[in-house]
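Worksheet: the structure to be examined is printed underneath.
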Amino acid sequence: MRKKIVAGNWKMNTTVAEGVQLAKNIVEKVKEIPSDVTLVVAPPFTHLVSVANEIKGTDIQLSAQNCANQPKGAFTGEVAAAMLKDAGCAYTILGHSERREYYGETSATLVEKVNLAFASGLKVIFCVGEKLDERNAGKHFEVVGKQIEEVLFTLSEEQMANVVIAYEPVWAIGTGVTATSEQAQEIHAFIRKFVADKFGAKVAENTTILYGGSCKPSNAKELFACKDIDGGLIGGASLKAEDFVAIAKSY
């Protein structure tokens with residue numbers, strides 16, 4: 001049975017002190033969450049060790065928001081996957097649309113990052129999703145399929161067991177606009193079938209696929225009720241403990 005995951009991507013928000021307090025607030029409420037739902041928090045790099053200490057002894061998992069495409073060396077400003085593992089991370093987010101759009105990350109770069117994450121013992125939350133013009137042109141299946149094919153189809157079945165896919169329609173990130181449950185289920189089902197065609201039905205059935213894109217307490221229950229949606233990658237709503245936990249309680 002595949003995991004249900006609600007992950008909070010804090011992006012470039014909070015000071016360390018604010019992040020520690022947010023983590024404390026989430027820990028206080030974690031017992032309200034169904035036992036079969038895993039919480040993951042992804043604070044900025046500067047917060048990782050401090051947040052790791054706050055969630056120690058709970059079932060909450062720690063994620064980074066990115067990692068370097070090199071194992072170590074003279075790469076000023078970069079953070080290696082091995083460093084993230086050492087800081088207490090279980091996951092790293094890779095392929096987020098903001099990284100692709102603002103920092104020019106390509107599929108070739110992401111293949112390097114994914115493999116380094118695995119080599120360091122990290123699991124990967126791999127983001128895919130189309131822009132508004134691509135959705136309006138009816139190219140959303142093509143775009144998402146290509147993003148998966150160029151990176152995840154380079155992996156083995158064993159490696160896929162350590163991948164969580166997050167579908168995030170770029171047009172719904174931070175806009176307040178959310179894909180309808182029908183739109184979300186349609187593309188989640190497409191992703192699962194696309195994975196099945198490459199790796200087989202068993203791998204696809206065990207792959208957790210999250211929805212991201214203005215997911216909040218008011219719409220989470222309807223989204224999570226969809227057959228192929230296994231949780232959410234939450235942005236803005238993850239910055240308030242009560243909202244984040246309310247989303248996880250939607251199960």
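The values are calculated or read from the model by the stated rules, or taken from the named source; none is laboratory data. These numbers come from a predicted model, not from an experiment. We place every Cβ from the backbone using ideal geometry, glycine too, and count neighbours over all the protein chains shown.
Odds and ends about this structure:
- Region 43-62: number of residues that are β-branched (Val, Ile, Thr) and under 17 Å from residue 244 (Cα atoms): 4
- Of all residues in region 4-52 being within 28 Å of residue 226 (Cα to Cα) and among the acidic types (Asp, Glu), the one that is surrounded by the most Cβ atoms within 10 Å (Cβ to Cβ): 32
- Within region 133-189, the residues that satisfy the criterion of being among the charged types (D, E, K, R) and either free of Cβ contacts under 8 Å to residues at least 60 places away in the same chain or farther than 16 Å from residue 208 by Cα (or both) are 133, 134, 135, 139, 142, 146, 149, 150, 157, 158, 182, 186.
- In region 53-84, residue surrounded by the most Cβ atoms within 10 Å (Cβ to Cβ) [restricted to those that are closer than 29 Å to residue 170 by Cβ and either among the small types (Gly, Ala, Ser) or in contact with a Gly (Cβ under 9 Å, 6 or more places away or on another chain) (or both)]: 81
- Just one of (1) farther than 16 Å from residue 70 by Cα; (2) surrounded by fewer than 15 Cβ atoms within 10 Å (Cβ to Cβ) fails for residue 108. It is (1).
- Long-range neighbours under 7 Å by Cβ, at least six apart or interchain, first residue farther than 9 Å from residue 43 by Cβ within region 13-32, second in a helix (DSSP H, G or I) and of a type in the set (Phe, Trp, Tyr): 26/244
Results for (1) farther than 30 Å from residue 157 by Cα; (2) surrounded by 15 or more Cβ atoms within 10 Å (Cβ to Cβ); (3) without any contact (Cβ under 8 Å) to a residue 60 or more places away in the chain, shown as yes or no for each residue.
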| residue | (1), (2), (3) |
| --- | --- |
| 196 | no, yes, yes |
| 207 | no, yes, no |
| 230 | no, yes, no |
| 239 | yes, yes, no |
| 247 | yes, yes, no |
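Okay, residues lined up against (1) touching a Lys or Arg at 6+ places or on another chain (Cβ under 8 Å); (2) at pLDDT below 95; (3) aromatic (Phe, Trp, Tyr):
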{"residue": "1", "(1), (2), (3)": "no, yes, no"}
{"residue": "6", "(1), (2), (3)": "no, no, no"}
{"residue": "9", "(1), (2), (3)": "no, no, no"}
{"residue": "15", "(1), (2), (3)": "no, no, no"}
{"residue": "41", "(1), (2), (3)": "no, no, no"}
{"residue": "45", "(1), (2), (3)": "no, no, yes"}
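- For residue 194, the conditions (1) under 30 Å from residue 24 (Cβ atoms); (2) modelled with pLDDT of 95 or more are fulfilled apart from (1).
- Of everything listed in (1) touching a residue at least 60 places away in the same chain (Cβ under 8 Å); (2) loosely packed, with under 15 Cβ neighbours inside 10 Å; (3) closer than 17 Å to residue 40 by Cα, the single unmet condition for residue 127 is (2).
- Qualifying residue in region 88-96 (condition: without any contact (Cβ under 8 Å) to a residue 60 or more places away in the chain, more than 17 Å from residue 233 (Cα to Cα) and not acidic (Asp, Glu)): yes
- Leading residue by the ranking (nearest to residue 168 (Cα to Cα)) among those in region 187-243 that are out of contact with any strand residue (DSSP E or B) (no Cβ under 8 Å at 6 or more places or on another chain) and among the hydroxyl-bearing types (Ser, Thr, Tyr): 214
- Qualifying residue in region 61-78 (condition: out of contact with any helix residue (DSSP H, G or I) (no Cβ under 7 Å at 6 or more places or on another chain), among the aromatic types (Phe, Trp, Tyr), free of Cβ contacts under 8 Å to residues at least 60 places away in the same chain and over 24 Å from residue 212 (Cα atoms)): yes
- Taking the criterion of being aromatic (Phe, Trp, Tyr) and modelled with pLDDT under 95, the only residue of region 163-191 that qualifies is 171.
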